[in-house]
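Comments concern the structure below.
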Amino acid sequence: MTAALASEVSGGRGNRTNGKNRNSQRPRSLSPDAVPDWQRYGLVSVNQKAKTFVLDTNVLLHDPGCVDRFADNHICIPVDVLSELDRFKNEQNDRGASARAVHRKLSEVFHQGGDSVTMGVPTTGGGSIRLAAFSAEDHAEVSPALTEFMHLFPAMDKVDHRILACALMVREQNNSPVILVTKDLNLQLKARAIGIACEDYLNDKAEVRDVASYDLQRLAVDPMELQRFASSGEITLPPAETADLAVNEYVLLQVTEKQTMPARHAGRGRFVRLQVPESVKVPKGQPIRPLNLGQQCLLDALLDPDISLVTCYGQAGTGKTLLAVAAGLSEVFQRRYDGMTISRPVVAMGETLGFLPGTLNEKLRPWLQPIYDALDIVMRASVPANAGPRRKQEKKQQTLALDATPKPYDALIEQGILEIEALCYIRGRSIPNRFFILDEAQQLTPLEAKTIVTRMSRGSKLVLIGDPAQIDNPYVDSRSNGLVYTRNRLKGEACSAHISLSKGERSPLAEAGAKLM
């Protein structure tokens, strides 16, 4: 979800109302002696052998296909969730598209079931799914737990509270465990305060180990095998030693602590030597050299024509953006691609300065400035080593004419060879034969990441780079963002490779700050 998508769903749900104060038109309560048909209201599960998961709106928007991912358990969806989805379905953004996808999915499921939607229809995993058409105001006097709940949360016009009341009554009417699934941290706290079990939606979250360790896996080899690998560039190891390695995973073949050599796993235990040039350079630009082992692995993946997806984790200052831009421009100038597109999500760190004046390009310039900085470094003409100091007057004149001087990449932009654009305009595009770099990809949601991957046509290469530890989007975390999601879902595919950078090269200060602050 983008920030616009989640602002009314996952965050501060205080504005989450259905436009009317239901308390002002409260129906007459049932008699205390009346026995409601809780099954007709959708509160009773088909059987008591499995868990019941009550889904919040943000879970359905986050993953419209989540109803197929609860195995043989029961799914309960409060009708207030449908009302909230109905508010979003006409929006021309990711949230609107997700709401429409949820409606289509639920219509398909209940149409095939044929029974009453509140009684429960079977799911593909062996469980059931049902709607809960329950109104807390109508049954406040029937349930002591519900009466106490409405004293604690009297503002029943808030959708959060109505969903919470529904989950409470589902728990009251079932002997099997009932769990509220939501990505709203505040709603999770409220649920736990009244004794309702609550969980985040974990289906698309990566394991902690997948984002915690950036070191290359080491494989012990015989000295003769390492020597043969160095001479021939290829080696095959027994399947027992390589069973847990993915295709295109980078490893370190090791004899002793100081006798090592990097390699890329080509599949079925076969390892190949890295094809890394001494440096990459564009015409009239500066040579960019890999400075450490991680950057060598990244450059090998960036220059391999058989790898069409490269994902890279790296903390600030590891050189991931600079190396990707240098490799992309080099490939374009060698005519392996028709052009290069560089983009990044528009997600601010901290408070913004409000609306920006000017044309579309002028509005986007502050967001895309890090990309322009990398282009300027790569394409800047090299300064001769014997160039003497410039006079003050000359320096002053050059400073005054700085804005009028064309940048080295301006001609490429005018010719359409180089595109620098915000990510919000990519939906609906088909991108053939281009080198596509997406910076700060950790700010994406899984749905946004899927949208970008599916835009790539034949002959294109997609490079997703970012730092899972630096996330400004409040609706994803280090284990559920689009960068990590893409890496985990496409891990092991012959067309994808992943590299993690751990050594900072920007400056000793930047590296110390990234590690210690």
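Is it true that residue 465 is in a loop (DSSP other than H, G, I, E, B), among the hydrophobic types (A, V, I, L, M, F, W, C) and either at pLDDT 85 or above or more than 12 Å from the chain's Cα centre (by Cα) (or both)?
Values: in a loop (DSSP other than H, G, I, E, B): no; among the hydrophobic types (A, V, I, L, M, F, W, C): yes; either at pLDDT 85 or above or more than 12 Å from the chain's Cα centre (by Cα) (or both): yes.
So residue 465 does not fit the description; no.
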* Identify the residue in the range 92-114 that is under 16 Å from residue 448 (Cα atoms) and outside any helix (DSSP H, G or I) and, among all such residues, is farthest from the chain's Cα centre (by Cα). => 92
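Working carefully through the options 486, 445, find the one that is surrounded by 17 or more Cβ atoms within 10 Å (Cβ to Cβ), touching a residue at least 24 places away in the same chain (Cβ under 8 Å) and within 20 Å of residue 93 (Cβ to Cβ). Quick ask: steps written out before the conclusion?
On the way: 486 fails: within 20 Å of residue 93 (Cβ to Cβ).
Of 486, 445, the one residue that is surrounded by 17 or more Cβ atoms within 10 Å (Cβ to Cβ), touching a residue at least 24 places away in the same chain (Cβ under 8 Å) and within 20 Å of residue 93 (Cβ to Cβ) is 445.
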* **Residues satisfying the stated conditions in the range 433-459, i.e. touching an Asp or Glu at 6+ places or on another chain (Cβ under 9 Å) and either assigned to a loop (DSSP other than H, G, I, E, B) or of a type outside the set (A, V, I, L, M, F, W, C) (or both)** => 433, 434, 440, 442, 443, 445, 446, 448, 451, 459
* Spot the failing condition for residue 308; the list is (1) in contact with a Leu (Cβ under 7 Å, 6 or more places away or on another chain); (2) without any contact (Cβ under 8 Å) to a residue 24 or more places away in the chain, and only one is missed. => (2)
* Structure fact -> Taking the range 149-170 and keeping residues assigned to a helix (DSSP H, G or I), free of Cβ contacts under 8 Å to residues at least 40 places away in the same chain and either out of contact with any strand residue (DSSP E or B) (no Cβ under 8 Å at 6 or more places or on another chain) or not assigned by TED's automatic domain parsing to the domain that holds residue 183 (or both) leaves 150, 151, 161, 165, 168
* So which helices (runs of 4 or more DSSP H) stay within the range 235-353 end to end and still have 2 or more residues that are within 24 Å of the chain's Cα centre (by Cα) and of a type outside the set (Gly, Ala, Ser)? -> 293-303, 320-333
* Here are 80, 94, 37, 63: which of them is without any contact (Cβ under 8 Å) to a residue 12 or more places away in the chain and over 14 Å from residue 177 (Cβ atoms)? -> 37
* State whether the residues of the range 12-22 include one that is surrounded by 18 or more Cβ atoms within 10 Å (Cβ to Cβ), touching a Leu at 6+ places or on another chain (Cβ under 9 Å), modelled with pLDDT of 90 or more and assigned by TED's automatic domain parsing to the domain that holds residue 165. => no
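Going through 267, 317 one at a time, which residue ends up being of a type in the set (Gly, Ala, Ser) and assigned by TED's automatic domain parsing to the domain that holds residue 444?
Details: 267 fails: assigned by TED's automatic domain parsing to the domain that holds residue 444.
One residue alone meets the criteria, 317.
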* Within the set of pairs 6+ apart or on separate chains, which have a first residue in the range 403-424 that is closer than 16 Å to residue 380 by Cα, a second that is in a loop (DSSP other than H, G, I, E, B) and aliphatic (A, V, I, L, M), and C-beta atoms under 9 Å apart? -> 408/282; 408/381; 411/417
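The values are calculated or read from the model by the stated rules, or taken from the named source; none is laboratory data. Nothing here was measured: the structure is a model prediction, and the numbers come from that model. All Cβ positions, glycine included, derive from the backbone under ideal geometry; neighbour counts span all protein chains shown.
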